[in-house]
Amino acid sequence: MELQQEIRDFLMSRRAAVNPEQAGLPYVGGTRRVAGLRREEVAMLAGVSVEYYTRLERGRLGGASPSVLESIARVLRLDDDERAHLSDLARSVAPGSRRSSRRLQTASATPVSAAVQQVLDSMSVPAVVQSGRLDLLAANELGRALYCQLEDMAQPPNFARFVFLDPRAREFYTDLDATKDLLVAVLRATAGRDPLDQRTTGLIGELSAASADFATRWARHAVRRHSRGRKIIRHPVVGTLDLEYTDFDLPGDPDVSIVTYTAEPGSPSADGLLLLASWARTRTANAEAAADSGTAVVRP
């Protein structure tokens, strides 16, 4: 990811999304030549010179103070995730702060620890370990059953590849359009945290080349952290599940988190999770029996 271009496109996209009335400027009749705010309007509202803001928007963000970044974020009406992304980009271009991508590459290649797997296995709800670039790194029995369709993907399975490149995603996600937007925004946030990570940039390049849909959504510069929300899926065995997901960061590794899935007590989806648990136990037993006998297991 070319950092100066990323900064330029991000700030321009957000500037275009704010109209003068939203920014508190008086209405002046006539046709405006640009969508949203002009650079000079952002500079005035942020309390900086036009020349200085123009320099920032051209990608030279590294020397900006936290107060200046906050003023720009306020004027552009950035939400919490977008503010964090702006700060990440500023840190990435600050003098002396360009980080090597080796840390994330080696961390991503390291298996999930036995302690983390034990935590997963102790949970009574579906749970998975997910990287910032949306790799599925580990799961408990229910988590594997929930995402059974990802098991035949290249290792590690990746949610973005599944959603944009696997036709089964159209049936699995009831709101595929919203899911695509979310995953692209999560990848954008991840890329902003470490623009030099070659695994992330490689995945983005792969998806952009293979999917025009992904490339179009990527160009919108939406940003979101994966924290909590709602997923409605059509599981191939137990049917529709309406689930709340919650993302818990793992201490010591900002690129990896545990994601849990729960259903409202007494709801049809809660009954569906019970059915999923029963199927998962049978599935595990069949797999163990097949391994003992040397026969293949047929997956849904």
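The values are calculated or read from the model by the stated rules, or taken from the named source; none is laboratory data. Fair warning: this is a prediction, and the values are worked out from it, not measured in the lab. Ideal geometry is used to build each Cβ from the backbone, glycine not excepted, and the neighbour counts take in all protein chains shown. Just the protein is used for accessible areas: all its heavy atoms, side chains included, with ligands, DNA and RNA removed. Shrake-Rupley method; radii C 1.70, N 1.55, O 1.52, S 1.80 Å.
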**Fill in**
With the charge dipole of the chain built from beta-carbon charges (+1 for Lys and Arg, -1 for Asp and Glu) about the Cα centre, the Cα from Gln198, Ala289, Tyr261 projecting farthest to the positive end belongs to Gln198
**Message:** Using square roots of five times the C-alpha gyration tensor eigenvalues, list the equivalent-ellipsoid semi-axes of the chain in whole Å, biggest first.
**Reply:** 42, 21, 17
**Message:** Please compute the length gained on full extension between Thr262 and Ser124, using 0.36 nm multiplied by the number of residues separating them and subtracting their Cα-Cα distance.
**Reply:** 48.7 nm
**Asked** Roughly to the nearest percent, how much of the accessible area of the stretch 190-300 is carbon and sulfur, given a 1.4 Å probe?
**Response** 54 percent
**Prompt:** When the convex hull of the Cα atoms of the stretch 161-204 is projected onto a plane and the area is averaged over all directions, what value comes out in nm²?
**Reply:** 3.0 nm²
**Request:** Work out the length of the dipole vector of the chain about its Cα centre, built from +1 on the beta-carbon of each Lys and Arg and -1 on the beta-carbon of each Asp and Glu, and round it to the nearest 20 debye.
**Result:** 1060 debye
**Request:** Provide the per residue accessible area, probe 1.4 Å, for the chain, rounded to a whole number of square angstrom.
**Result:** 50 Å²
**Taking N as its residue count, the alpha carbon Rg of the stretch 126-201 over 2.2 N^0.38 Å** = 1.10
**Item:** Distance in nm between pseudo-label sites at Ile232 and Ala178 (7 Å out along the Cβ direction from Cα)
**Value:** 0.7 nm
**Asked** Which GluC sites (Glu not before Pro) from the stretch 116-191 combine a DSSP loop assignment with at most 16 other Cβ atoms within 10 Å?
**Response** Glu151
**Asked** What distance in nm separates the simple spin-label points at Thr246 and Asp166, each placed 7 Å from Cα in the Cβ direction?
**Response** 2.7 nm
**Request:** Place +1 on the Cβ of every Lys and Arg and -1 on the Cβ of every Asp and Glu in the stretch 131-215, take the dipole about the Cα centre, and give the residue among Tyr173, Tyr147, Val186 whose Cα lies farthest towards its positive end.
**Result:** Val186
**Request:** Mind checking the full-extension length gain between Ala285 and Val50? Use 0.36 nm per residue of separation minus the Cα-Cα distance, one decimal, nm.
**Result:** 77.9 nm
